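The values are calculated or read from the model by the stated rules, or taken from the named source; none is laboratory data. What you see is a predicted model; the values in this text were computed from it and never measured. Virtual Cβ from ideal backbone geometry, glycine too; neighbours counted across all protein chains shown. Ligands, DNA and RNA are stripped out before the accessible areas are found, and what is left, the full protein with its side chains, is counted by its heavy atoms. Shrake-Rupley method; radii C 1.70, N 1.55, O 1.52, S 1.80 Å.
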Amino acid sequence: SVYGHQYSFNDSIKKYVQAAHDMLETFEVELFPKLNEIKVKQGEIIGYTGNTGDTEGPHLHFEIRDEKSEVPLNPLRFLRIMDTVAPGITSLLFFDRINGNQLHISLKDATDTLHVPVSFGVSVNCFDLEQIPGNKNNVYKIELYLDSNLYYRHVLDSIAFDMARYVNTYSYLYPEKMLRGKFQKCFTDKNNDLPIYKVLNNDGTINLDDTLLHSLKVKVYDIYDHAAEVKLT
């Protein structure tokens, strides 16, 4: 477990760190305590939140990482919290994969039948709540179904630090102020090696070269399997 941006440690950890400062004669130190060298118990204060970094107030930057690889893991895989609220879907954005045009569908005024490009990708503006009212967090999983068949799935379990730059190709910030929001692409562009994709047909791009009606379903989940979905033709 990682606790970042702290203001100070508790007394026992502070003495341990200060001794290392004095011995190494440097402010920045990286220490690896031996087994049982520092003991803490449930309910004990181990540090105090600080205000360093890009922040507007004291906070705790908390992570759980794989012990050997240091890859950050989704902490909700290990911590059970009270969450009875399903995620929400605000809007969809269709990308024309040939001409680069975009079709924005707000769910407030969406029609159930759309005319789409021959080749297109779907992206989703969505969020998850733990409680009402509460902070909007990201969803855990997104699925795309074409004619009732699972076509795409990604799961946000872990992303290594050296993979984080690919997030910029995975998400898209819609520029218009009235519709501004960050969309998660249910397809992949070049130079995207994120390990989040579990089902990926044709890189997520849908090709419909006929004039028939097809069903499309977008479904988003939180980690407790609460779900929200949108169905379109």
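Using the Karplus relation 6.51 cos²θ - 1.76 cosθ + 1.60 with θ = phi - 60°, the per-residue 3J(HN,Hα) values for region 220-233 come to 10, 10, 8, 6, 9, 6, 5, 9, 9, 9, 10, 10, 9, 10 Hz, with x marking Gly and Pro.
Rank 8, 91 by accessible area, highest first, at a 1.4 Å probe radius? Each step should come with its number before you reach the end.
Details: 8 25, 91 5 Å².
Largest accessible area first, the list is 8, 91.
Ordered from highest to lowest accessible area with the whole protein assembly present and a 1.4 Å probe, 106, 69, 123, 148 read as 148, 69, 106, 123. Ignoring everything but the protein chains, give the 1.4 Å probe accessible area of residue 159 in square angstrom, nearest 10. Solvent-accessible area, nearest 10 Å²: 50 Å².
Full extension of the chain between residue 212 and residue 52 yields a length gain of 52.0 nm, computed as 0.36 nm times the residue separation minus the alpha carbon distance. Compared with the direct C-alpha span, the chain from residue 157 to residue 118 gains 10.8 nm at full extension, assuming 0.36 nm per residue.
Ordered from largest to smallest accessible area (heavy atoms of protein chains, 1.4 Å probe), the residues 56, 70 come out as 56, 70.
Pop the C-beta distance of residue 96 and residue 30 into the FRET formula with R0 = 41 Å and round what comes out to the nearest 0.05. Write down the numbers at each step before the final one.
Working: r = 49 Å, r/R0 = 1.20.
Computed FRET efficiency for residue 96 and residue 30: 0.25.
Ligands, DNA and RNA aside, residue 49 has an accessible area near 80 Å² when probed at 1.4 Å. Label reach from residue 18 (point 7 Å along Cα→C-beta): in region 32-49, amide nitrogens under 17 Å belong to 46-48.
Dividing the mean sequence gap of close Cα pairs (under 8 Å, 6+ apart) by how many residues the chain holds gives a relative contact order of 19 percent.
Given the alternatives (1) 22.4, 75; (2) 16.6, 52; (3) 17.8, 58, Rg and Dmax of the Cα atoms in Å as computed for this entry is given by (1).
Between the Cα long axis of helix 11-24 and the first principal axis of the chain there is an angle of about 80°, rounded to the nearest 10.
Please work out how much length the chain gains when fully extended from residue 165 to residue 63, using 0.36 nm per residue of separation minus the C-alpha to C-alpha distance, in nm with one decimal. Walk me through the numbers before you get to the answer.
Numbers: separation 102, 0.36 × 102 = 36.72 nm, distance 1.84 nm.
In short, 34.9 nm is gained.
A probe of 1.4 angstrom, applied to the heavy atoms of all protein chains, finds residue 107 with accessible area near 60 square angstrom. Near residue 59, the amide H atoms lying under 5 Å from its own belong to 50; only residues 5 or more places off or on other chains count, and H is placed 1.01 Å from N. Simple spin-label estimate for residue 39 and residue 173 gives 4.9 nm between the two label positions (7 Å along the Cα-to-Cβ direction from each Cα). Taking 7 Å steps out from each Cα toward its Cβ at residue 77 and residue 103 produces label points 3.7 nm apart.
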